[in-house]
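Report on the structure given below.
Every read-out reported here was derived from the displayed coordinates using simple, explicitly stated rules and does not represent laboratory data. All of these numbers come straight from a predicted model, not from anything done at the bench. Please note: Cβ atoms are built from the backbone with ideal geometry, for glycine as well, and neighbour counts cover all protein chains shown.
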Amino acid sequence: MTQAIVSVLEDLPGRSCYLPDRGVIAEAVGLTPSGQTTVSVDGQQAEDVSEVVVLPRLGESVWIAEGRETPLHGRWIGLRTPLTAPTWQVTARVLCDGAVLEHTGPARVFDARTVRMIAESTPAAPDGDLQAVAQLAAMLDQQAVQHELWRAEFAEAAGHKADEMDLCGQFDDFMHEWHLPGRKRSFTILVDTSQLVSLTVEAETAGDAEELLTTEMVKAARSVDSLSWSVSRTYREQ
């Protein structure tokens, strides 16, 4: 099989790109004169994009070494969905020796400009088997989302029923035993706060300086960074 290092920049238009600050997949359009990658989202050019991660095409050979004891070498399938915004941590799927492996790491780790080391005579379109794997992975992701929604709806409905039947204690034990989400309850938290503020006041004596202090001066000098706090008491609302 013929192998060669291929420049992604020569094959940039039409590639999928991940935008970490938005948590969405975009499409590469091209390069600006300054070398910045331009992308479109749903057919509209995206503006003010802080970072663009150019993704490998389905079936391309990738070599991922960062964050792994043993480098991951195989054919690119895609990112696990759904994606959330903003997120710089994503999970990628790669087909290695007939097995689909996952690797989670910073989005930049999966940039095609660094992970795609060798192109093995990349075909114009992925073969049917690899396309089927990618479609199956997307379907499983969607099923997982639907399952989590069902779990949340089931837990909420069961919690209401437990309240009606005065079975709250038994319900909480059951949900914990089966690793299901328990009831959400309201808690009141009392917090002690203190803040050390430094001000400069021009005066003849220390006593005079203290007398010149005003509430407005202290408020203006306050900073969130200097705030310290501790929990005094927490109790559940009846």
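In table form, for the structure just shown:
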| quantity | calculated |
| --- | --- |
| Furthest towards positive pole of dipole, I25, Q36, L95, structure part segment 8-121, Cβ charges | L95 |
| Estimated translational D of segment 8-121 in µm²/s (Stokes, Kirkwood radius over Cα pairs; 25 °C; 0.890 mPa s) | 171 µm²/s |
| Which of L101, L19 has the fewest Cβ neighbours within 10 Å, and the rest in rising order | L101, L19 |
| Quotient of C-alpha Rg and 2.2 N^0.38 Å, computed over segment 127-184 | 1.69 |
| Principal-axis tilt of helix 168-177 within the chain, Cα atoms, nearest 10 degrees | 40 degrees |
| Cut-off 11 Å between beta-carbons: net charge of the residues surrounding A26, Lys and Arg +1, Asp and Glu -1 | 0 |
| Per-q log10 I(q)/I(0), segment 1-73, q = 0.15, 0.17, 0.27 Å⁻¹ (Debye; single scatterer per alpha-carbon; no solvent) | -0.60, -0.74, -1.26 |
| Sites D21 and A209 - FRET efficiency at Förster radius 35 Å, r taken between beta-carbons, to 0.05 | 0.15 |
| Exposure proxy order (Cβ contacts within 10 Å, fewest to most) of E66, E60 | E66, E60 |
| Ascending count of other beta-carbon atoms within 10 Å, so fewest first, for S40, S198 | S198, S40 |
| Stretch gain in nm, segment H179-S194, where the contour uses 0.36 nm per residue and the Cα spacing is subtracted | 1.5 nm |
| Cβ-based net charge around V52, under 15 Å, with every Lys or Arg adding one and every Asp or Glu removing one | -2 |
| The chain - mean residue ellipticity at 222 nm from DSSP helices (-39,500 (n - 2.57) per run, n ≥ 4, rounded to 500) | -8500 deg cm²/dmol |
| Residue among V24, V197, V115 with the largest mean-square fluctuation in a Gaussian network model of the chain, springs linking Cα atoms under 10 Å | V197 |
| Stokes-Einstein D (µm²/s) once Rh is taken as the Kirkwood radius of the chain over alpha-carbon pairs, at 37 °C in 0.692 mPa s | 140 µm²/s |
| Ellipsoid equivalent to segment 187-236 - semi-axes via the Cα gyration tensor, in Å | 33, 10, 9 |
